[in-house]
Amino acid sequence: MSDSNYDNWEAVIGLEVHTQLSTNSKAYSSDATEYGASPNTQVSPISLGHPGTLPVANTAVIEYAVRLGIACGCDIREWNEYARKNYFYADLPKGYQITQDKTPICTGGAVRIETSGGVKHINLTRIHMEEDSGKSIHDLDPFHSLIDLNRAGVPLLEIVSEPEFRNGDEAYAYLSEIRKLVRYLDISDGNMEEGSLRCDVNVSVRPKGQKEFGTKVEVKNLNSFRNVQKAIDFEIKRQIDAINAGETIYQETKTFDASTGTTAVLRTKEDAHDYRYFTEPDLQPVVVTEEYINKVKSTLPPLPYELYLKYTKELGLSDYDARVLTEDKGIAMYFEECLSAKAKAKAAANWIQGPIKAWLNDRAEPIEAFPISAATIAELIELVEEGKVSNTVANQKIFPLLLENPEASPAGIATENDWIQESDEGALQEHINAALAMYPDKVEEYKNGKKGVIGLFMGEVMKRSQGKADPKVANQMLRQTLEK
């Protein structure tokens, strides 16, 4: 979209992200929330909306909302009321959804993203608590739609942004940051493929310089970051093309077809009054005190951007290293454990991004499945730093044995196998003298300026020491001997 037909236009985009919370029970009942259970096995009279049943608020949902609010710098409301959002749909058993309307638990705040144009802060309108509906399945039976109500009543946080995105790339970066945040906070697994993170986008366009918004189109239930990006970019182009052709943009709700990369109309958009919001009569308002907020704040883990700043500013790691280490909470926490065990930061980063990541990637496992403790890796790093074993021996010999026996000591393995490097200068000098005596002609070549032959001498020294010579010390002593 680089020609003049598009350059004079600006997109205005807002995102509504539904995050499924990783609580053990549903938002207003004790039903389980395990993903992948047989259809309609995680239900009860409460989640099925039977007459006479009463909901009870899950306090973990309130805590998780406060955790996210603190992380995003939101204002957290003291007095929180629940509301009923009324609409008919086959997989909504009660005929209404318990949500929040006029008193969202979190308002304001922002999410920091990095774009090709630099850092941008996307302001938030609100974060509120609500419950999910069930799931309609249309592709298993040629004649009927099937209903699975396991998801009905599962707790959600809806995160509503201000309309501050301008393209699909910014939306992609924002979703990546949201997923990282909810995983660091341990409030959601953030898996879009399992429906734990779902996104609706509102897209409109306007001539550059115009303050008034254009007519927005909503694209619902996007289930991957890439589809969000593609749907936004398609809709921007479609709307600009339509306006340039003299067509009218209507306020509609659409779906995105990933196979064609296009959007299609589902229905004309409802307004808020169509939902007939009113205060939920069966749930008391929730009071969130300053004392409670401080208590939750004290339990928060370090957040990804805080760790990024620590690694780059305090520890002197590169931007690349810091990004890789903070991308996954498990990796970051493992690295933190290495630091606590006194490992050098750069060496620990290299081990995590090298041999450890290779082991994880080969098995498609998370860091939690890695058998060697951070303290043991720190001990192995210390052996290398002290010059007791070479990095090659540590990587290619000791590390594989630790994988087989994670409780073993790196120093013990090195000693047992006679891999401790010789750094005794007397013994090393004998190996150096013998190596030089074997190649007197090469010694003359070195003294005449052919410095590359030093590799031949080092190879002989390592051979005579059975690979135990400290390469750094041996190399330094070899050069000193040759310069005499």
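Quick notes
- Filter result (of a type in the set (Phe, Trp, Tyr) and in contact with a Ser or Thr (Cβ under 9 Å, 6 or more places away or on another chain)) within segment 75-118: TRP79, TYR82, TYR89
- Qualifying helices (runs of 4 or more DSSP H) (wholly inside segment 266-351; at least 1 residues being surrounded by fewer than 17 Cβ atoms within 10 Å (Cβ to Cβ), in contact with a helix residue (DSSP H, G or I) (Cβ under 6 Å, 6 or more places away or on another chain) and not hydrophobic (A, V, I, L, M, F, W, C)): 290-297, 329-340
- Counting the residues of segment 201-231 that are surrounded by fewer than 19 Cβ atoms within 10 Å (Cβ to Cβ), in contact (Cβ under 8 Å) with a residue 60 or more places away in the chain and within 23 Å of GLU177 (Cα to Cα) gives 0.
- Within segment 176-200, the only residue that satisfies the criterion of being of a type in the set (S, T, N, Q), buried (at least 18 other Cβ atoms within 10 Å of the Cβ) and either at pLDDT 95 or above or closer than 30 Å to TRP9 by Cα (or both) is SER188.
- Of all residues in segment 442-484, those satisfying the criterion of being among the basic types (Lys, Arg), under 22 Å from TRP419 (Cα atoms) and free of Cβ contacts under 8 Å to residues at least 40 places away in the same chain are LYS463, ARG464.
- Among the residues listed as GLY153, GLY190, the single one being touching a Leu at 6+ places or on another chain (Cβ under 6 Å), within 15 Å of HIS18 (Cβ to Cβ) and among the small types (Gly, Ala, Ser): GLY190
- Remark: VAL12 matches the filter, which requires a residue to be surrounded by fewer than 21 Cβ atoms within 10 Å (Cβ to Cβ), within 32 Å of the chain's Cα centre (by Cα) and within 25 Å of GLY108 (Cβ to Cβ).
- Residues in segment 77-97 that are of a type in the set (A, V, I, L, M, F, W, C) and under 14 Å from GLY134 (Cβ atoms): PHE88, ALA90, LEU92.
- Within the set SER47, SER30, SER25, the sole residue that is farther than 24 Å from SER176 by Cβ, modelled with pLDDT under 95 and among the hydroxyl-bearing types (Ser, Thr, Tyr) turns out to be SER47.
- Any hit, segment 57-66, residues being in a loop (DSSP other than H, G, I, E, B) and either in the same structural domain as SER29 (by TED's automatic domain parsing) or crowded, with 17+ Cβ neighbours inside 10 Å (or both): yes
- Segment 69-87 residues that are more than 30 Å from ILE113 (Cβ to Cβ), paired with ones that are part of a helix (DSSP H, G or I) (beta carbon under 8 Å, 6 or more apart): ASN86/TYR275; TYR87/ASP274; TYR87/TYR275
- Remark: pairs (first residue in segment 246-262, in contact (Cβ under 8 Å) with a residue 12 or more places away in the chain and part of a loop (DSSP other than H, G, I, E, B); second residue of a type in the set (D, E, K, R) and surrounded by 11 or more Cβ atoms within 10 Å (Cβ to Cβ); Cβ separation under 7 Å; 6+ apart in sequence or on different chains) = GLN251/LYS216; GLN251/LYS269; GLY261/LYS230.
- Remark: pairs (first residue in segment 354-366, over 22 Å from ASN391 (Cα atoms); second residue assigned to a loop (DSSP other than H, G, I, E, B) and of a type in the set (D, E, K, R); Cβ separation under 9 Å; 6+ apart in sequence or on different chains) = PRO366/ASP328.
- Unmet requirement for LYS357, which otherwise passes all of (1) more than 29 Å from ILE113 (Cβ to Cβ); (2) surrounded by 15 or more Cβ atoms within 10 Å (Cβ to Cβ); (3) out of contact with any Phe, Trp or Tyr (no Cβ under 6 Å at 6 or more places or on another chain); (4) not assigned by TED's automatic domain parsing to the domain that holds VAL119: (1)
- Qualifying residue in segment 118-133 (condition: out of contact with any helix residue (DSSP H, G or I) (no Cβ under 8 Å at 6 or more places or on another chain), without any contact (Cβ under 8 Å) to a residue 40 or more places away in the chain and either under 26 Å from GLY330 (Cβ atoms) or assigned to a helix (DSSP H, G or I) (or both)): yes
- Search result, residues across segment 20-65 that are over 24 Å from the mean Cα position of the chain (by Cα), over 13 Å from ASP132 (Cα atoms) and among the polar types (S, T, N, Q): SER30, SER38, ASN40, THR41, GLN42, SER44, THR53, ASN58, THR59
- On the stretch given as segment 384-407, residues that are in contact with a Ser or Thr (Cβ under 9 Å, 6 or more places away or on another chain) and farther than 20 Å from LEU428 by Cβ total 3.
- Residue list for segment 150-201, restricted to those being assigned to a loop (DSSP other than H, G, I, E, B), under 21 Å from THR299 (Cβ atoms) and under 12 Å from the mean Cα position of the chain (by Cα): LEU185, ASP186, SER188, ASP189, GLY190
For every residue, the table says whether it meets (1) among the polar types (S, T, N, Q); (2) at pLDDT 95 or above; (3) under 29 Å from ASP189 (Cα atoms).
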site: LYS310; (1), (2), (3): no, yes, yes
site: ALA322; (1), (2), (3): no, yes, yes
site: GLY330; (1), (2), (3): no, yes, yes
site: MET333; (1), (2), (3): no, yes, yes
site: TRP359; (1), (2), (3): no, yes, yes
site: ALA364; (1), (2), (3): no, yes, yes
site: ALA374; (1), (2), (3): no, yes, yes
site: ILE381; (1), (2), (3): no, yes, no
site: GLU385; (1), (2), (3): no, no, no
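- ILE381, sole failed condition from (1) under 26 Å from GLY467 (Cβ atoms); (2) crowded, with 17+ Cβ neighbours inside 10 Å; (3) touching a Pro at 6+ places or on another chain (Cβ under 7 Å): (3)
- Meets criteria (closer than 30 Å to ALA11 by Cα, among the hydrophobic types (A, V, I, L, M, F, W, C) and at pLDDT 95 or above) for ILE159: yes
The values are calculated or read from the model by the stated rules, or taken from the named source; none is laboratory data. Small disclaimer: the values here were computed from a predicted structure and weren't measured. Neighbour counts are summed over all protein chains in view; Cβ atoms, including those assigned to glycine, are modelled from backbone coordinates with ideal geometry.
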